[in-house]
Structure formats: C-alpha cells, structure tokens
Amino acid sequence: MPTTNIAILVSGSGTNCENIIRYFADKPEVNVSLVLSNKADAYALVRAERLGVDRSVMSKADFNDESKLMPLLQEHDVQFIVLAGFLLMVPDFLLQAYPHRIVNIHPSLLPKYGGRGMWGHHVHEAVKAAGEKESGITIHYVSEVCDGGEIIAQFHTALAPDDTPDDIAAKIHELEQAHFPQVIEEVISRQL
C-alpha cells in the first residue's frame, strides 16, 4: 500500500496536531511529512519538533502566495492536508490543487456556531450563552466558504446546565482526541 504524506496546518498549541502525529507514527500508510504554521510562536511547532516532524512557518502573505506555498508542499510530497486549529482561510489555488483532500475540524455541530470569528473559546462561549443541551465536533472538507465545506463526520456530547465554557471545551477536546485521527485515516483510505 502506498504511503500518503500529509501536512498539518496549525496556528496554536497543537494538541490535535500531536495526537495525529502519534496516531500515525506506527501506520506506514500515512506519514505526517510537514507541520506548517502561520505563527512562529505556535506551540504545535515545538510538539512537532519533539516528534521528529519537519516544521515550517509562513506569514499570512506567504501562505497566500502560490509561488511560495506550493513549492514547500511539493518538497514534502504532500498529498493530503489537515487543518488542526489553523486560523487562516485556505486560498483558492490550494483548494484547486487538493480537491477533496483538505479537511478541517471545528468545535461545534456545524452549521451552528461556524464562520468567521467562531473558533476556540468563542464557540464554547456562544454555545453556553445559547443554552444548548449538546455540542460536538464537525470534521469537514474545506471549501471557499469558512466552515461551509461538505461534512464528513460529526460527534456529539451532552451538556449540563451548569457546564461553563471551560467545561464545554474539555468535552469537545475529548471528542477531538478520540475521533479526529480515525476520521482522517478513513478519508485517506477511501481515496486510495
């Protein structure tokens, strides 16, 4: 079976990034060949370094420059892209180069609490303010619409009336850790 090289795009601490790297460490069919961040101080880069994965940092301007981004991905033979807490919109040229081969995770049950400005704690605060009885994660293909791509999978968790935004975040984190790598593996295996 051929190996699929993936790039993980990150902007923050990288718990999902580390989980994905560890998940595929002993699976020869998938190799994390690059962790790319738009922030030089993203802790995800430290996690990747500790796990022996190549890292790179690109400014927003360079990320949106096809002549800079595509050679980096080609150098690492990237065939699939995972957004794990990546806060930039994906440029059209990248969507065209990787059709149905870019996935994102979002910390709500889309279409609820998605779109611009809805990331991380902002989502959990909105879920709490609305008095939702459940929340969850959505794994979806990336499109030109922020959080608007085709949904691949959703996983739900019950919320208690006294759950704080931090409590909701912890429940969502458990779902992310349990399901995101497996869904990535399923999507890649269907494409082979």
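The values are calculated or read from the model by the stated rules, or taken from the named source; none is laboratory data. Just so it is clear, the structure is predicted and the values come from calculations on it, not from any experiment. Note that we place each Cβ from the backbone using ideal geometry, even for glycine, and neighbour counts take in every protein chain shown. Please note that ligands, DNA and RNA were not included when accessible areas were found on the heavy atoms of the full protein model with its side chains. Shrake-Rupley method; radii C 1.70, N 1.55, O 1.52, S 1.80 Å.
Here is a yes/no grid of residues against (1) under 12 Å from the mean Cα position of the chain (by Cα); (2) over 22 Å from residue 191 (Cβ atoms); (3) open to solvent by 20 Å² or more (accessible area, probe 1.4 Å):
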site	(1), (2), (3)
2	no, no, yes
9	yes, no, no
12	yes, yes, yes
18	yes, yes, yes
36	yes, no, no
47	no, yes, yes
59	no, yes, yes
71	no, yes, yes
77	no, no, yes
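Which of the residues belonging to segment 157-176 are surrounded by 15 or more Cβ atoms within 10 Å (Cβ to Cβ) and either acidic (Asp, Glu) or within 28 Å of residue 3 (Cα to Cα) (or both)?
163, 175, 176
Would you please name the residue that is surrounded by the most Cβ atoms within 10 Å (Cβ to Cβ), looking only at residues in segment 20-34 that are farther than 19 Å from residue 178 by Cα and over 18 Å from the mean Cα position of the chain (by Cα)?
For segment 20-34, the residue satisfying everything is 29.
For a quick check of your reading of the model, give me the residue pairs whose first member lies in segment 15-42 and is closer than 16 Å to residue 63 by Cβ and without any contact (Cβ under 8 Å) to a residue 60 or more places away in the chain, whose second is part of a strand (DSSP E or B) and among the small types (Gly, Ala, Ser), with beta-carbon atoms closer than 7 Å and at least 6 apart or on different chains.
34/7; 34/56; 36/7; 36/56
Step by step: first the residues of segment 171-192, then only those that are more than 17 Å from the chain's Cα centre (by Cα) and not basic (Lys, Arg), then the one that is farthest from residue 128 (Cα to Cα). Which residue is that?
Filtering segment 171-192 for residues that are more than 17 Å from the chain's Cα centre (by Cα) and not basic (Lys, Arg), the one farthest from residue 128 (Cα to Cα) comes out as 192.
Among the residues of segment 48-78, what is the count of those that are among the charged types (D, E, K, R) and out of contact with any strand residue (DSSP E or B) (no Cβ under 8 Å at 6 or more places or on another chain)?
Going through segment 48-78 one residue at a time, the tally reaches 7.
Based on this model, can you work out whether residue 154 counts as open to solvent by less than 70 Å² (accessible area, probe 1.4 Å), within 15 Å of the chain's Cα centre (by Cα), of a type in the set (S, T, N, Q) and under 26 Å from residue 5 (Cβ atoms)?
Considered against the rule, which asks whether it is open to solvent by less than 70 Å² (accessible area, probe 1.4 Å), within 15 Å of the chain's Cα centre (by Cα), of a type in the set (S, T, N, Q) and under 26 Å from residue 5 (Cβ atoms), residue 154 comes out as no.
Quick check: anything in segment 133-146 open to solvent by 60 Å² or more (accessible area, probe 1.4 Å), in contact with a His (Cβ under 8 Å, 6 or more places away or on another chain), over 25 Å from residue 4 (Cα atoms) and at pLDDT 95 or above?
For segment 133-146, residues open to solvent by 60 Å² or more (accessible area, probe 1.4 Å), in contact with a His (Cβ under 8 Å, 6 or more places away or on another chain), over 25 Å from residue 4 (Cα atoms) and at pLDDT 95 or above: present.
Quickly run through segment 95-127 and pick out the residues that are modelled with pLDDT under 95, among the hydrophobic types (A, V, I, L, M, F, W, C) and either open to solvent by less than 20 Å² (accessible area, probe 1.4 Å) or in contact with a Leu (Cβ under 8 Å, 6 or more places away or on another chain) (or both).
119
Exactly one of (1) surrounded by fewer than 18 Cβ atoms within 10 Å (Cβ to Cβ); (2) within 17 Å of residue 12 (Cβ to Cβ) is unmet by residue 63. Its number?
In the conditions (1) surrounded by fewer than 18 Cβ atoms within 10 Å (Cβ to Cβ); (2) within 17 Å of residue 12 (Cβ to Cβ), residue 63 misses (1) alone.
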